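The structure appears right after this line, and notes come after that.
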Amino acid sequence: MHRQIATGISFSMTGIPYWSMDIGGFAVENKFQHPSEALTADWRELQTRWYQFGTFSPIFRSHGQAPAREMFHIAPENHPAYKSMLYYDQLRYRLMPYIYSLGAATYFKNYTLMRGLAMDFAEDSKAEAVADAFMFGPALLIEPVTKPGSTTKTVYLPKIEGADNNKWYCLYDGKGYTGGQTIQAVAPYERMPVFVPAGSILPIGPITQHTGPMADTLDIYIYTGKDADFTLYQDQGTTYDYQNGDYQKIRLHYNDKTSTLKIDASTGHYKGPGSTGKEFRIHMVSMAHQIGIDTKSPPAKTIHYKGQTISVLLQP
């Protein structure tokens with residue numbers, strides 16, 4: 001599992017954006033082919049940690065020989081392994097507006113989703129040496145846990161150039177940390193450390209069991225301390241019509257100095273489901289207001305977007 005981190009980053013750096021792996025390992029050790037009761041705990045932990053990591057790979061795929069890899073074969077529903085795998089499976093789909101939009105950036109702008117830290121933090125020499133973490137798009141720092149039995153992980157948070165507060169935030173609860181330092185991040189069995197840098201816009205959708213169309217209501221998390229940009233993208237989803245302009249792009253820009261969110265007029269010719277308007281529930285994340293995607297907090301503002309340019313003043 002540990003080797004897959006550097007492998008995926010290497011593929012991305014050589015211009016192959018859609019790398020994948022067999023979550024859990026395809027050909028597993030003999031002891032795991034039909035694990036004894038004593039080894040079942042080790043098998044479940046390996047699958048859980050690898051599943052957490054795989055959630056943030058360009059292609060999310062659980063695949064391999066015996067034993068079966070479905071989460072309900074790995075552990076019963078009340079087990080932490082099952083609960084964790086279900087959580088991350090649902091999180092992958094909640095992140096689909098973010099992931100699908102980055103897929104568009106890959107097609108239109110030669111972007112790559114899985115990014116070594118040196119790609120985004122070239123000015124930070126310490127970031128260049130990090131080989132066990134990566135960025136999944138511009139907003140998510142992924143820290144896979146690869147040591148058995150670990151409940152913490154040593155994490156280096158790169159310095160954020162141009163950010164007034166140089167802060168990183170835990171994805172789940174919004175706890176803030178200063179960049180340019182090494183921390184001991186909590187990593188309980190059911191969760192893998194994931195951090196978001198200041199100057200990020202992260203769109204989150206509802207839990208679904210499909211990849212499209214994009215939901216009409218999205219939660220938009222804005223991580224303050226630096227200007228932020230993100231372009232939402234949607235299209236028909238199953239044809240090549242996007243090559244002829246049958247898509248919709250919506251650019252969001254946050255000005256940190258004025259605490260203003262500007263949503264540009266949509267572009268493209270897409271007229272399918274969800275193209276006539278969106279409800280954006282805006283959540284502001286700062287050191288004074290530390291919230292995460294699992295925090296049950298009301299939005300700072302709800303915007304009813306109808307495809308035309310709109311600017312909204314927000315409270316940081």
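Going by the structure shown, is His269 touching a helix residue (DSSP H, G or I) at 6+ places or on another chain (Cβ under 9 Å) and at negative phi? Please lay out each step first, then the result.
Numbers: touching a helix residue (DSSP H, G or I) at 6+ places or on another chain (Cβ under 9 Å): yes; at negative phi: yes.
Spelling it out, His269 is indeed touching a helix residue (DSSP H, G or I) at 6+ places or on another chain (Cβ under 9 Å) and at negative phi.
Could you tell me whether any residue of region 30-37 is within 28 Å of Leu140 (Cβ to Cβ), surrounded by fewer than 15 Cβ atoms within 10 Å (Cβ to Cβ) and not assigned by TED's automatic domain parsing to the domain that holds Met135? Lay out the reasoning, then the answer.
The first filter runs over region 30-37 and keeps only residues within 28 Å of Leu140 (Cβ to Cβ), leaving none.
No, region 30-37 has no match at all.
Determine whether Gly225 is surrounded by 23 or more Cβ atoms within 10 Å (Cβ to Cβ), of a type outside the set (A, V, I, L, M) and either under 16 Å from the mean Cα position of the chain (by Cα) or not in a strand (DSSP E or B) (or both). Quick ask: steps written out before the conclusion?
Working: surrounded by 23 or more Cβ atoms within 10 Å (Cβ to Cβ): yes; of a type outside the set (A, V, I, L, M): yes; either under 16 Å from the mean Cα position of the chain (by Cα) or not in a strand (DSSP E or B) (or both): yes.
So Gly225 passes the test.
Just one of Phe121, Phe60, Phe72 is over 25 Å from Ala27 (Cα atoms) and either modelled with pLDDT under 95 or of a type outside the set (Val, Ile, Thr) (or both); which is it?
On the way: Phe60 fails: over 25 Å from Ala27 (Cα atoms); Phe72 fails: over 25 Å from Ala27 (Cα atoms).
Every option except Phe121 fails the conditions.
Please return the ranges of helices (runs of 4 or more DSSP H) entirely within region 1-116 where 1 or more residues are on the phi < 0 side of the Ramachandran plot and of a type in the set (S, T, N, Q). Please lay out each step first, then the result.
Details: elements: 2-13, 30-33, 37-54, 71-74, 80-94, 96-109.
Once the helices (runs of 4 or more DSSP H) in region 1-116 are filtered for at least 1 residues that are on the phi < 0 side of the Ramachandran plot and of a type in the set (S, T, N, Q), what remains is 2-13, 30-33, 37-54, 80-94, 96-109.
Which condition from (1) in a loop (DSSP other than H, G, I, E, B); (2) more than 16 Å from Ser200 (Cβ to Cβ) is the one that Lys153 breaks?
Unmet for Lys153, out of (1) in a loop (DSSP other than H, G, I, E, B); (2) more than 16 Å from Ser200 (Cβ to Cβ): (1).
Return only the number of the condition from (1) in contact with a strand residue (DSSP E or B) (Cβ under 9 Å, 6 or more places away or on another chain); (2) of a type in the set (A, V, I, L, M); (3) touching a residue at least 40 places away in the same chain (Cβ under 8 Å) that Ala131 does not satisfy.
(1)
Can you say whether Gly274 is of a type in the set (Gly, Ala, Ser) and without any contact (Cβ under 8 Å) to a residue 40 or more places away in the chain, as far as the supplied structure shows? Walk me through how you get there before you give the answer.
Working: of a type in the set (Gly, Ala, Ser): yes; without any contact (Cβ under 8 Å) to a residue 40 or more places away in the chain: no.
When the stated conditions are applied, Gly274 does not pass them.
The values are calculated or read from the model by the stated rules, or taken from the named source; none is laboratory data. The structure presented is a predicted model; accordingly, all values stated were derived computationally and were not measured. A quick note on method: Cβ atoms are made from the backbone with ideal geometry, for glycine too, and the neighbour counts reach across all protein chains shown.
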